[in-house]
Amino acid sequence: MSLANKTGVERPRAVVCLSGGMDSCVCTTLAARDYEVYALHFSYGQRTEARELRSAQEVARLVGVKELMALKMDLFRRIGGSALTDAGIAVPEAPVEDAGMSARAGGEVPVTYVPFRNAHFLSAAVSWAEVLGAGTVIIGAVEQDSSGYPDCRPAYYAAFNELIREGTKEGDIRVETPLIGMKKSEIVRLGVELGAPLHVSWSCYSGETEACGVCESCVLRLRAFREAGAADPLPYIQAG
């Protein structure tokens, strides 16, 4: 795909963190309207890393990403502390009606939180953006109607942008979080409107062939599609 769009004007570059999940799928599709997209995918020892990589590769192909860089890191598997990376911590089931931030009374952080994960992802994305001359890094963080992770809050990204301003050569790269204030159902509607390839995205924390349907990520996704009045194209073992 050429740097120039159909008007002959060179498109700006953006680095997008592409996990292969629903939110990153919509973010990547949204970014592709205005940018030449360079996507980063991270395999970090998560239970479904092979399935997530396949989803990221398919999203990148279907959306027209210029380049997908797949990185593998062993840090999170080695330190553990998260149900996503530590075989000794079970992935919990989520009550269908109470999943999400509404269930996080008192600021409780779920065991599926990976310690300070997004800072590592953003650091790699900013490094690549500097080399590419990209002024924008995009990540599909969502605060509302989500799991209550501390690295998915607007204040976190405001602080990270200050770090970039102080710690990069030009200081002009910005992290953007276009979905952060949206509900999951609104993200589904936006994805449908954009024609995002949601059918190849993957959200389950534990299954790689069929989604479990009972982990918090599955429950949030199923509820979002239901509230959006859309059919979720993924196969589920149990869809409550």
To the nearest 20 debye, the stretch 163-207 has a Cα-centred charge dipole, built from +1 on Lys and Arg Cβ and -1 on Asp and Glu Cβ, of 160
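Using per-residue counts of other Cβ atoms within 10 Å, averaged over each peptide, order 14-22, 59-67 from highest down.
By packing density, highest mean first, the sequence is 14-22, 59-67.
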To the nearest 10 degrees, the tilt of helix 117-132 (Cα long axis) against the first principal axis of the alpha carbons of the chain is 20
If the label point sits 7 Å along Cα→Cβ of Glu166, residues of the stretch 137-160 with amide N under 17 Å come out as 155-160
With +1 at each Lys and Arg Cβ and -1 at each Asp and Glu Cβ, the charge dipole magnitude of the stretch 101-240 around its Cα centre, to the nearest 20 debye, comes out at 220
Toy charge model, Lys and Arg Cβ at +1, Asp and Glu Cβ at -1: the chain dipole around Cα centroid in debye, rounded to 20, equals 380
Farthest towards the positive end of the dipole of the stretch 163-240, among Thr168, Trp202, Ile180 and with Cβ unit charges of +1 on Lys and Arg and -1 on Asp and Glu, lies the Cα of Ile180
In terms of the charge dipole of the chain, which places +1 on Lys and Arg and -1 on Asp and Glu at the beta carbon, the residue among Ser82, Gly229, Ser123 farthest towards the positive end is Ser123
Checked against the positive end of the charge dipole of the chain (+1 on Cβ of Lys and Arg, -1 on Cβ of Asp and Glu, about the Cα centre), the farthest of Ala134, Cys27, Tyr44 is Ala134
Tilt, helix 154-167 to longest principal axis of the chain (alpha-carbon atoms), in degrees rounded to tens, equals 30
Of the candidate values (i) 50, 36, 30; (ii) 54, 37, 31; (iii) 41, 40, 32, the one computed for Cα extents along the principal axes in Å from this structure is (i)
A chain fully extended from Ser127 to Ala87 at 0.36 nm per residue, minus the present Cα-Cα distance, gains in nm 11.3 nm
Asserting the computed 222 nm helical MRE of the chain (DSSP H runs at least 4 long, -39500 (n - 2.57) per run, divided by residue count, to nearest 500) equals -11000 deg cm²/dmol
Longest principal axis of the chain (C-alpha) makes with the long axis of helix 216-228 (C-alpha) an angle, in degrees to the nearest 10, of 80
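Each reported figure results from applying straightforward, stated rules to the coordinates on display, with no laboratory input. Note that the structure is a prediction, hence the values are computed from the model and not measured. A quick note on method: Cβ atoms are made from the backbone with ideal geometry, for glycine too, and the neighbour counts reach across all protein chains shown.
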